[in-house]
1. Under 27 Å Cα-Cα from Lys124, which lysines qualify once same-chain neighbours fewer than 8 residues away are excluded?
2. Pairwise over distinct Cα atoms, reciprocal of the mean inverse distance: report the Kirkwood radius of region 1-79 in Å, one decimal place.
3. Roughly speaking, what is the centre-to-centre gap between region 104-143 and region 194-231 when only Cα atoms are used, to the nearest Å?
4. Need one number: nm distance between label points at Tyr250 and Ala280, each 7 Å from Cα along Cα→Cβ, rounded to one decimal.
5. Against the globular-protein guess of 2.2 N^0.38 Å, express the Cα radius of gyration of region 105-152 as a ratio, rounded to two decimals.
6. Per 5 Å bin, what percent of the C-alpha pairs of the chain does each bin hold, from zero upward?
7. Find how much the distance from Glu225 to Asp9 grows on full extension, using 0.36 nm per residue of separation minus their present alpha carbon separation; answer in nm with one decimal.
8. Taking a temperature of 37 °C and a viscosity of 0.692 mPa s, what whole-number D in µm²/s does Stokes-Einstein yield for region 1-141 with Rh from Kirkwood over alpha carbon pairs?
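The values are calculated or read from the model by the stated rules, or taken from the named source; none is laboratory data. Note that the coordinates shown come from a computational prediction; the quantities given were computed from them, not determined experimentally. Because the Cβ atoms are built from the backbone with ideal geometry, glycine has one as well, and the counts that use them run over all protein chains shown. The accessibility values were calculated without ligands, DNA or RNA, using every heavy atom of the protein model including side chains. Shrake-Rupley method; radii C 1.70, N 1.55, O 1.52, S 1.80 Å.
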Amino acid sequence: MKICRFDDDRLGIVQGEEVCDVTGALEVLPVSRWPIPPGDSLIAHLPEVIEAAERLLPGAARKPLSSVALRAPVCNPTKVVAAPVNYQLHIDESKKDPGIHHNVHNLDSTGFETPVDKFGPFLKANSSIVGPSAGVELHFLNRRNDHEVEVVLVIGKKCKNVARDRAWEVIAGYTMGLDMTVRGGEDRSFRKSADSYSVLGPWLTTADEIVDPENISFSLKLNGELRQSSNTRELIAGIPHLIALASSCYTLHPGDLIYTGTPDGVGPAKPGDVMYVECAVLGNMEVRVR
Ligand code: MN
């Protein structure tokens with residue numbers, strides 16, 4: 001199932017080029033009072049929401065996808081986890097380009113299973129999440145601001161110390177993401193956390209719909225020109241590896257996001273640019289830069 005949030009917090013099921021409005025399915029979510037349980041309530045109760053949505057589907061109002069504003073499909077993760085340097089060709093381009101490494105981000109990972117094992121996943125501020133319709137508002141305009149297109153995992157259940165061979169069990173679904181990045185010497189958690197620097201969308205595709213998560217092709221065009229193109233089979237630390245590593249440190253909660261890393265082709269985006277993320281499996285999204 002392809003689940004989207006659109007317009008004024010409407011819940012939708014995407015079918016072909018249409019959105020079916022199943023906002024009524026949110027009635028199954030429990031009403032919470034302080035302290036609100038950690039995690040995203042919709043993701044935590046996804047099976048019940050899907051059941052209710054399926055009941056509403058035959059009578060649901062339909063709108064053309066092109067006529068709605070798509071919001072981020074996950075609203076309240078406790079963490080946005082992200083993998084640095086997880087595609088070899090991106091590591092190669094980063095080593096060559098001082099505009100990326102700034103003589104600070106030394107990429108030698110000799111002695112470690114993968115670069116991600118050496119550097120560890122980093123966290124992006126939750127407040128940086130936006131959907132495709134919001135677009136990206138660049139910060140630090142006098143500096144290089146890069147696009148990084150990535151496949152994003154959505155965690156479905158509370159978990160800790162997940163073994164690699166059990167990792168698939170904790171994934172609720174997948175979506176596309178842009179890990180927007182200010183280049184510079186500061187910590188990643190600062191440079192990648194500006195408001196709107198974690199684009200998420202176009203919708204959540206539930207895990208049962210994905211035949212092979214380790215074979216998802218995706219690309220990014222900037223103003224119509226192809227800039228990034230790869231496939232999750234090129235991930236150095238694969239999906240089970242990332243979940244095992246992240247959950248060896250912190251509890252993952254429903255709705256937590258794992259940005260899996262960007263392939264080569266990163267480059268600057270400027271106000272007025274249009275980024276177009278294409279993924280036959282997870283959907284396409286247009287994201288404007290301002
Ligand atoms: Mn990234």
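1. By straight Cα distance, Lys124 reaches Lys2, Lys79, Lys95, Lys96, Lys157, Lys158, Lys160, Lys192, Lys221, Lys270.
2. In region 1-79 this quantity evaluates to 13.1 Å.
3. About 16 Å separates the Cα centre of region 104-143 from the one of region 194-231.
4. Taking the two extended label points, one gets 3.6 nm.
5. Working: Rg = 14.9 Å, N = 48, 2.2 N^0.38 = 9.6 Å.
In units of the globular-protein estimate, region 105-152 measures up at 1.55.
6. With a bin width of 5 Å, the distribution comes to 1, 6, 13, 17, 20, 17, 13, 8, 4, 2, 0, 0.
7. Details: separation 216, 0.36 × 216 = 77.76 nm, distance 3.25 nm.
In short, 74.5 nm is gained.
8. Values: Rh = 18.4 Å.
My calculation gives 178 µm²/s for D.
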